[in-house]
Each structure stands twice: as structure tokens, then as C-alpha cells.
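Okay, structure first, notes after.
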Amino acid sequence: MNSKELIEINNKKRKKLTAENLAYYENMLVYIRLSHDKAEQETEEILSELLDHLLDAQAEGKTAAEIFGDKPRQYADEIIGELPGIVTKKRILMFIMGILYFMAVFSFLHGLLNAIFYYAFGLGSVYREIYMGSAALKFFISLPLLLGLYYLVIQYLRWSCFQQINKIAEFLIFWVFGILSVGLFLAVLYFVPDFGLKFELPFYFFLLMGCILFLTAQKVKNMV
Amino acid sequence: MAIINQETVYGYELSLKLQNYGLKVSEGSIYPVLLRLQKEGLIKGEFKNSPNGPDRKYYFITKQGINALEEFRNNWEKIKVPVDLLLYKEQIP
């Protein structure tokens with residue numbers, strides 16, 4: 001069985017858990033799945049085993065805490081510690097895929113915004129000036145920025161797994177975080193000066209480029 | 001591992017069997033151990049139909065595992081008698 005089938009079965013089986021056991025198990029599931037550098041197949045296999053065990057035990061009136069202990073985070077860390085990591089080849093492919101998606105979205109939005117500004121507000125023109133130097137610099141600044149933000153979100157989600165967090169506080173945290181990250185990207189775009197070779201390209205070039213990059217990224221994704 | 005050597009089992013079965021032998025381990029603690037044994041190639045897991053219920057991952061021992069078990073048994077035999085002697089010295093006439 002591959003990981004996709006295991007996930008599907010897991011989703012169905014989880015419904016048989018009692019509310020208390022479900023809360024315990026789902027926290028563990030999210031926490032373990034968020035350990036992003038672990039092999040997916042092995043991760044889903046152990047998750048399905050834990051669920052089967054819990055269902056069997058539940059039938060005999062036991063609770064999740066009795067089976068896995070009352071320190072779920074510690075237990076999950078133990079499991080994660082024993083899971084094999086992602087193979088390097090997969091890791092590289094996933095990295096390439098991430099970059100391609102990033103460039104695809106970046107290029108597509110570029111073209112789209114240009115089209116909207118031009119046709120809806122009469123601003124700018126069909127053609128857009130691109131400076132190779134600044135484009136490259138912007139790319140190399142925003143990529144690590146994006147990775148950093150991604151890492152922060154994952155760490156926050158992992159941290160929040162086994163605790164009760166005020167919903168309003170959580171909303172505020174995400175809101176401030178969202179504003180700050182958008183602000184950071186805009187700052188990068190704004191403060192990088194124009195330099196390097198100048199090109200004039202029509203907006204549909206960016207749209208097309210975005211689509212091609214996206215399809216390539218999809219191809220790479222299927223290889224992973 | 002001695003249990004897996006006798007027959008292929010799945011997780012829940014294994015925890016019940018350990019309890020039957022009188023080992024009071026927490027049920028969940030077998031999974032990190034199973035993962036480690038798999039990583040070291042001493043056991044292998046495979047999804048199979050179970051007679052009652054869904055497909056389960058059954059564990060069976062590998063050749064390497066049999067060797068490791070044999071080695072462990074030898075080491076255990078070597079220390080068992082001396083340790084018993086040390087601990088229960090006064091009871092031996």
C-alpha cells in the first residue's frame with residue numbers, strides 16, 4: 001500500500017474513535033506529519049499502526065493516554081526519532097519542485113498584476129521593463145526569506161499541537177505574521193535598485209512563463 | 001524479537017503477547033522499538049489481510065534478526081548465572 005492509500009484509509013478509520021481518543025490521536029498525527037524531513041511512506045505506516053492499535057484498545061475500553069502515555073509530545077518525538085529520513089535524491093527533487101512553484105507563482109502574479117493595472121486602471125503598458133540584475137537579486141533574497149517563513153510556520157504549528165491556544169490570540173498571531181511577511185516581500189521589491197541588462201517584455205510572456213514553470217513543477221512533483 | 005521469531009504478528013497482537021509473558025511494558029512503547037528494529041534490518045513489516053478486520057502490518061524476522069537474537073541469547077546465558085549468583089548469594093547454601 002502506498003502512502004496515499006494509507007492516508008485515505010486513515011481518514012476513514014479515524015471516524016470510529018471516541019472524541020477523547022480522536023483529539024489525542026489527531027494531535028499526534030499532525031505533529032508527526034509536520035516533521036517534514038521524514039520519509040512519507042514509513043510515516044504513514046506507523047500512523048496507521050498506531051491508529052489500528054488504538055481502535056483495538058478502544059474496543060476493550062482503554063483510552064489513548066493509557067496506551068501511549070500521558071506525555072503525547074514526548075511519545076511522538078520518540079516515534080519521529082526512529083523514523084527514517086527522506087532520501088537525498090527525493091530531498092533535492094522536492095527542493096527543485098519548491099523553487100519551480102515559487103518562480104511560477106511569482107511570474108504569473110507579475111503578469112497578472114500588470115494586466116490588471118493596464119486594462120482596469122490604464123496604468124503602465126502592455127510591456128514591462130525587467131532588469132536582469134535586480135530580478136536575480138530579488139529572487140535570491142526572497143527565496144531564503146520564503147524558506148525562513150515556511151520554517152517558522154511549521155515550527156509554530158508543531159509547537160501548538162499539544163496545547164490549548166486562545167482562538168483570538170491565534171488569529172492575531174497569524175494576522176500580524178501575515179502582514180509582516182507580505183511587508184517584508186514588498187520591502188525587498190521596493191528597495192532593490194534597478195540594474196543589469198534591461199528587457200521589455202509583454203505581460204502575457206509572464207503569464208505564459210508562469211504556466212510553463214507550473215507544469216514543469218507538476219512533472220517534478222510526480223517524480224518525487 | 002523472540003516472539004516475532006515464533007510467528008508473524010501485528011502491533012496489537014505483540015503487545016498482548018508481551019503482557020501474557022508478564023512483561024509490564026506500556027503498549028505504545030513497542031512502536032519506537034519496532035521502528036528501530038526495522039531500521040536496523042532485524043525485522044521486516046508487510047501489509048497483509050488479517051482474518052478479522054482490516055489489512056495490518058505484520059512483522060517477521062529477517063536472517064540478520066535471527067543471528068542477532070542468537071547472539072543476544074548467548075550473551076544472556078553468559079551473564080544470567082553469574083547475576084543470579086550475585087543477587088541471591090545468601091540464599092544459596
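The values are calculated or read from the model by the stated rules, or taken from the named source; none is laboratory data. Since the model is a prediction, treat every value here as computed from it, not as a measurement. Using ideal geometry, Cβ is built from the backbone for each residue, glycine included, and neighbour counts are taken over all protein chains shown.
Miscellaneous remarks
- Of the residues making up the stretch A:92-110, one or more are more than 20 Å from the chain's Cα centre (by Cα), at pLDDT below 85 and in a helix (DSSP H, G or I).
- For first residues located in the stretch A:112-124 and more than 13 Å from A:PRO202 (Cβ to Cβ), partners that are in a loop (DSSP other than H, G, I, E, B) and lie 6+ apart or on another chain with Cβ distances below 8 Å form the pairs A:PHE117/A:LEU123; A:PHE117/A:GLY124.
- The stretch A:10-75 holds helices (runs of 4 or more DSSP H) entirely within its bounds, and those carrying 3 or more residues that are surrounded by fewer than 21 Cβ atoms within 10 Å (Cβ to Cβ) map to A:19-33, A:40-59.
- Qualifying position, being of a type in the set (Phe, Trp, Tyr), closer than 18 Å to B:SER29 by Cβ and within 14 Å of chain B (Cβ to nearest Cβ), among A:TYR31, A:TYR25: A:TYR25
- Residue satisfying all of: in the stretch A:43-95; β-branched (Val, Ile, Thr) and touching an Asp or Glu at 6+ places or on another chain (Cβ under 8 Å); nearest to the other protein chains (Cβ to nearest Cβ) among these: A:ILE67
- Just one of the listed residues (A:LEU123, A:LEU145) is part of a helix (DSSP H, G or I), over 24 Å from A:MET223 (Cα atoms) and assigned by TED's automatic domain parsing to the domain that holds A:ILE179, and it is A:LEU145.
- Checking A:ALA19, A:ALA23, A:ALA64 one by one, the residue that is under 26 Å from A:VAL153 (Cα atoms) and not aromatic (Phe, Trp, Tyr) is A:ALA23 and no other.
- Qualifying position, being assigned to a loop (DSSP other than H, G, I, E, B) and among the aromatic types (Phe, Trp, Tyr), among A:PHE171, A:PHE195, A:PHE177: A:PHE195
- Some residue of the stretch B:61-68 being over 24 Å from A:GLU66 (Cα atoms) and either outside any helix (DSSP H, G or I) or modelled with pLDDT under 75 (or both): yes
- Of residues in the stretch A:178-198 being in contact (Cβ under 8 Å) with a residue 60 or more places away in the chain and touching a helix residue (DSSP H, G or I) at 6+ places or on another chain (Cβ under 7 Å), the one surrounded by the most Cβ atoms within 10 Å (Cβ to Cβ): A:GLY196
- Put simply, of A:ILE79, A:ILE99, A:ILE130, A:ILE116 the only residue that is of a type in the set (A, V, I, L, M, F, W, C) and touching a strand residue (DSSP E or B) at 6+ places or on another chain (Cβ under 6 Å) is A:ILE130.
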